[in-house]
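The values are calculated or read from the model by the stated rules, or taken from the named source; none is laboratory data. Since this is a predicted model, take the numbers as computed values, not measurements. Heads up, the Cβs are rebuilt from the backbone with ideal geometry, glycines too, and the neighbour counts pull from every protein chain shown. Keep in mind that these areas ignore ligands, DNA and RNA; they rest on the heavy atoms of the full protein, side chains included. Shrake-Rupley method; radii C 1.70, N 1.55, O 1.52, S 1.80 Å.
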Amino acid sequence: MYLDDFVPIENIEKEAWKALENSILYYKGRPVGTVAAYDSSVVALNYDQCFVRDFVSSALIFLTKGRTDIVRNFLEETLKLQPKQRQLNAYKPGRGLMPASFKVVSEDGEEYLEPDFGEHAIARVTPVDSCLWWVILLRAYVVATKDFSLAYQPEFQHGIRLIMELCLATRFDMYPTLLVPDGACMIDRRMGIYGHPLEIQALFFAALRSARELLICQGNEDIVEAIDNRLPLLRAHIRQHYWMDLTCLNKIYRFKSEEYGKGAVNLFNIYADSLPYYELDKWLPRKGGYLVGNVGPSQLDTRFFTLGNLVAVISDLASEEQSQAIMNLFDERWEDLIGDMPVKICFPALKDEEYKIVTGCDPKNIPWSYHNGGSWPVLLWLLSAASVKTNRPELANRALEIAQARLHYDEWPEYYDGKKGRLIGKQARKYQTWTIAGFLLAKELLQNPTLLPLVTFEPFSVEPTSRACEFELVQVDSIILG
């Protein structure tokens, strides 16, 4: 135990549920989401807003308990905030984008929702992951409620199509992956993940699969065809080029550089001396492996990013063999990835000159803090989902036992610092909502594995299915799909 005092787990769960209830955000008398944190001891800043990515864990635990109204309201209200018109002003959010967050504003006795697409965020980062999470959550809502009519409404079909337009439109890039700037996802500060970061590719894959299930109304054939074309290419690309184990390490170690033409083996022109071979040689278990953080021209980011790897397992982006190897890595490198507070957001941390150059000397992202190797309890639910899916529930149970012994006493912090996660994050908010929801959801998934289909899929298929809906689809401008 973290302290000598013993608190029954039932009491800890009751406290967590009470805190989650306190976080609910109301708009015109209806619950529409949860605030990021309910910490009255510090200035709210934007923590009193509802973030799309943050709400997903809350929404999923609400769905498991039949609290579907708040999730439906959230989906409907955020859809209204999605820009539907093409923008000529480059400083305005593009058509189809979902906001990073929104807040309830009262003016002259009237309430309205004010979205933030990154205009007010630190460093003005654009939330690429928001629209991906939104589609994934809509699909989870349909799975939980069997309320297909919501997804078939013309407004929702239109919204999904616009998101797919953003993701699938013809672009300069010639890879099946999604090109994004730094800070476009959960890691929303400068951390050297610009380009094709794993987290976005895994969410992109899951969102494509979700949209593929939801866009079955007539009139969506062009989008469905584009999804069917992209899915197998994206999966094959990630499995081949992002995978790292000892076999791959040996191949990369002997790469030749400056190769030209179709016969090139070193496709991305990775220079041997740019990788920490000897550290990886010591760290990689014989039966373990993982998907690297990023691949690009002369770039192979060998950091382990937890969210991307776990989403890859859950969505079947990783093969069954690769999924087992990822879970083996958690088991074999427990002290590094779990430590005294699950779960490390990435490993290892950027240090010394690399930290200074890559992060710009970010004082919040010092080594082993925040996004630079900090520990985030919200990731527990993804670890639980992946553990159940791979028939390795003992891994998630071990992690939960560690977490529940501390989270209650530490007042549910946003994140933890230190190489083993022993320090409450220097700037962490208390009563962080997705910490609370992630803990409750992790326990629920382990206790009731039948809930796993909320976030997993049937065996991969690209067989087209299309049928008429009772609603007339909104006319959308024709788009060119890559």
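Quick one: in the stretch 159-175, of everything that is within 13 Å of V135 (Cβ to Cβ) and among the hydrophobic types (A, V, I, L, M, F, W, C), which residue is surrounded by the fewest Cβ atoms within 10 Å (Cβ to Cβ)? It would help to see each step written out before you state the result.
Step one: filter the stretch 159-175 for residues within 13 Å of V135 (Cβ to Cβ), giving 159-168.
Subsequent filtering for residues that are among the hydrophobic types (A, V, I, L, M, F, W, C) retains 160, 162-164, 166-168.
Values: I160: 25, L162: 24, I163: 24, M164: 27, L166: 18, C167: 23, L168: 22.
Once the filter is applied, the top-ranked residue is L166.
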- Query: In the stretch 282-331, which residues are surrounded by fewer than 23 Cβ atoms within 10 Å (Cβ to Cβ), closer than 21 Å to L179 by Cα and of a type in the set (G, A, S)?
  - Reply: G296, S298
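Give the number of residues within the stretch 375-401 that are open to solvent by 30 Å² or more (accessible area, probe 1.4 Å) and in a helix (DSSP H, G or I). Give the derivation first.
Residues of the stretch 375-401 open to solvent by 30 Å² or more (accessible area, probe 1.4 Å): 389, 391-394, 397-398, 401.
Filter once more, so that each one left must be in a helix (DSSP H, G or I): 389, 393-394, 397-398, 401.
Residues flagged as open to solvent by 30 Å² or more (accessible area, probe 1.4 Å) and in a helix (DSSP H, G or I) within the stretch 375-401 amount to 6.
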- Checked the stretch 114-129 for anything outside any helix (DSSP H, G or I) and aliphatic (A, V, I, L, M); matches are A121, V125
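Quick check on the stretch 241-257. Is at least one of its residues in contact (Cβ under 8 Å) with a residue 60 or more places away in the chain, more than 30 Å from G360 (Cα to Cα), aromatic (F, W, Y) and surrounded by 15 or more Cβ atoms within 10 Å (Cβ to Cβ)?
Just the residues of the stretch 241-257 that are in contact (Cβ under 8 Å) with a residue 60 or more places away in the chain, to begin with: 243, 245.
Narrowing the set further to residues that are more than 30 Å from G360 (Cα to Cα) leaves 245.
Add one more test, that the residue is aromatic (F, W, Y), and what stays is none.
Scanning the stretch 241-257, I find no residue that is in contact (Cβ under 8 Å) with a residue 60 or more places away in the chain, more than 30 Å from G360 (Cα to Cα), aromatic (F, W, Y) and surrounded by 15 or more Cβ atoms within 10 Å (Cβ to Cβ), so the answer is no.
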- Task: Taking the residues in the stretch 150-205 that are in contact with a strand residue (DSSP E or B) (Cβ under 7 Å, 6 or more places away or on another chain) and among the hydrophobic types (A, V, I, L, M, F, W, C) as candidates, determine which candidate is nearest to G373 (Cα to Cα).
- Result: M191
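Just to check your reading of the model, which residue among I252, I227 is at pLDDT 95 or above and not in a loop (DSSP other than H, G, I, E, B)? Working first, answer last.
Working: I252 fails: at pLDDT 95 or above.
The unique qualifying residue is I227.
Quick test for you: out of Q427, Q404, pick the one residue that is of a type in the set (S, T, N, Q), touching a strand residue (DSSP E or B) at 6+ places or on another chain (Cβ under 9 Å) and open to solvent by 10 Å² or more (accessible area, probe 1.4 Å).
Details: Q404 fails: touching a strand residue (DSSP E or B) at 6+ places or on another chain (Cβ under 9 Å).
Checking each option against the conditions leaves just Q427.
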- Task: Working only within the stretch 433-459, note down all residues that are in contact with a Pro (Cβ under 8 Å, 6 or more places away or on another chain) and aromatic (F, W, Y).
- Result: F439
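Going through F205, F268 one at a time, which residue ends up being open to solvent by less than 80 Å² (accessible area, probe 1.4 Å), assigned to a helix (DSSP H, G or I) and aromatic (F, W, Y)? Step through it out loud before you land on a result.
Details: F268 fails: assigned to a helix (DSSP H, G or I).
Unique residue meeting the criteria: F205.
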- Between a first residue in the stretch 159-176 that is in contact (Cβ under 8 Å) with a residue 24 or more places away in the chain and under 15 Å from L208 (Cβ atoms) and a second residue that is open to solvent by 10 Å² or more (accessible area, probe 1.4 Å) and β-branched (V, I, T), which pairs have beta carbons less than 7 Å apart while being 6 or more apart in sequence or on different chains? R161/V476; E165/I479; A169/I479; A169/I480
- Query: Would a scan of the stretch 135-146 turn up a residue that is in a loop (DSSP other than H, G, I, E, B), open to solvent by 10 Å² or more (accessible area, probe 1.4 Å), closer than 30 Å to Y370 by Cβ and touching a residue at least 40 places away in the same chain (Cβ under 8 Å)?
  - Reply: no
- Message: I need a count of the residues in the stretch 356-371 that are crowded, with 19+ Cβ neighbours inside 10 Å and either under 19 Å from the mean Cα position of the chain (by Cα) or outside any loop (DSSP other than H, G, I, E, B) (or both).
- Response: 5
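Kindly indicate whether G261 is touching a residue at least 60 places away in the same chain (Cβ under 8 Å) and on the phi > 0 side of the Ramachandran plot. It would help to see each step written out before you state the result.
Details: touching a residue at least 60 places away in the same chain (Cβ under 8 Å): no; on the phi > 0 side of the Ramachandran plot: yes.
Spelling it out, it is not the case that G261 is touching a residue at least 60 places away in the same chain (Cβ under 8 Å) and on the phi > 0 side of the Ramachandran plot.
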- Item | Residues located in the stretch 407-424, provided they are surrounded by fewer than 24 Cβ atoms within 10 Å (Cβ to Cβ) and of a type in the set (G, A, S) | G418
